[in-house]
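Every read-out reported here was derived from the displayed coordinates using simple, explicitly stated rules and does not represent laboratory data. All values derive from a computational prediction rather than experimental measurement. Quick reminder, even Gly has a Cβ in these numbers, built from the backbone with ideal geometry, and neighbours come from all protein chains shown.
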Amino acid sequence: MSNNNYTDNNFNLYQAYSYTLLLQLEAASFSYAVVYQNRLLVSAQNCDLNELSEPKHLSDLLSATYKNIIIGLPATSLTLIPNSLFSEDHVGSFARFLDVKETEKVFAQTLDDQNTIIYKTDGDLVRAVEKFNLQNTVYTARGWIKAIAKSSPPNDNLYLEIGKDIVHFLYFSSGSLRFYNTFEFKNEDELAYFTAFVAEELNLKPQQTTLVLSGDVSTDDRNISRLNDFYAKVELNKLKVLDLPGHISSHKFLALAALSLCGSSEAL
């Protein structure tokens, strides 16, 4: 059902009213974490989506009454609008550029101090979390973006959050978000191609750029090996949002943990 399971010895569902539940959805699976203050109590990744709509193994955990619930939803397509230009009255017009299908749901939410994100996601995913209140949903990478923004990112860092088949790219210039986008990829060569494409668009030179990676990546895997062929500096993201047990790699857990930095937003 899942992997990377962790349960703290002090975890007690009878105290859920003081905990925060984090849910991070993907197209075919989800991950979860339960957090108390800044401490990880429970987590698992790659859980069966059916556990959200018809829980069997996670019934008690998902039905508990939590102090906070934060749900990260993925996007099948997205666009960023400067806050100075955004108006709720125009969400429908912006959404037309996303080619929204009948089976999809559109959300508009604040991404950071300067941008609003408008994105669409699969309607089945939305229905799976409706019982948790859609007011508790945020865009899946919002916490990751916020965590990196708070770290005073240098101008020569290009950040990648690598999933099974989607990579998120993030770049800051002089402390302000300059670029964010996602691409689907099938192998290490496509990952290297999209990285080169983004870097070229941003005028980032390979010998002067540091790729900072998080997500589904390890120091000796094919993705890092391929990126090392083109970039002088490729490193794992050392940011730590929560207190984690020693066996959990913070870079693999960053996007999920960073949801704890988010508030709720409204579905339109």
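Some notes on this structure:
- A value for volume of the Cα convex hull per residue in Å³ was derived from the coordinates, and within the list (i) 112; (ii) 130; (iii) 153 it appears as (ii).
- Counting charges near Asn10 (Lys, Arg +1; Asp, Glu -1) among other residues having Cβ under 14 Å from its Cβ returns a value of -1.
- Normalised by the number of residues in region 152-238, the average gap of Cα pairs under 8 Å and 6 or more apart makes the relative contact order 29 percent.
- Largest-first ellipsoid semi-axes for region 152-238, taking √(5λ) over the Cα gyration tensor eigenvalues, angstrom: 19, 13, 13
- Length gained when the stretch Glu88-Asn68 is fully extended (0.36 nm per residue, less Cα-Cα span): 4.6 nm
- Considering helices alone, the calculated mean residue ellipticity of the chain at 222 nm is -6000 deg cm²/dmol, with DSSP H runs of length four and up weighted by -39500 (n - 2.57) and normalised per residue.
- Separation in nanometres of the label points that stand 7 Å from Cα toward Cβ, at Lys240 and Asp220: 2.4
- Translational diffusion coefficient (Stokes-Einstein; Kirkwood radius from C-alpha pairs) of region 123-200 at 4 °C, 1.567 mPa s, in µm²/s: 91
- Share, in percent, of DSSP beta bridges within the chain that are antiparallel, nearest 5: 70
- For Val100, Val106, order by how many other beta-carbon atoms lie within 10 Å, fewest first: Val100, Val106
- Cβ-Cβ distance of Asp229 and Ser176, R₀ of 30 Å, FRET efficiency by 1/(1 + (r/R0)^6): the value works out to about 0.45.
- Qualifying trypsin sites (Lys or Arg not before Pro) in region 215-268, DSSP loop, other Cβ atoms within 10 Å at most 16: Lys238, Lys240
- For Asn12 and Arg127, the FRET efficiency from 1/(1 + (r/R0)^6), where r spans their Cβ atoms and R0 equals 35 Å, is about 0.70.
- Proportion of all alpha-carbon pairs of region 1-154 beyond 19 Å (%): 58
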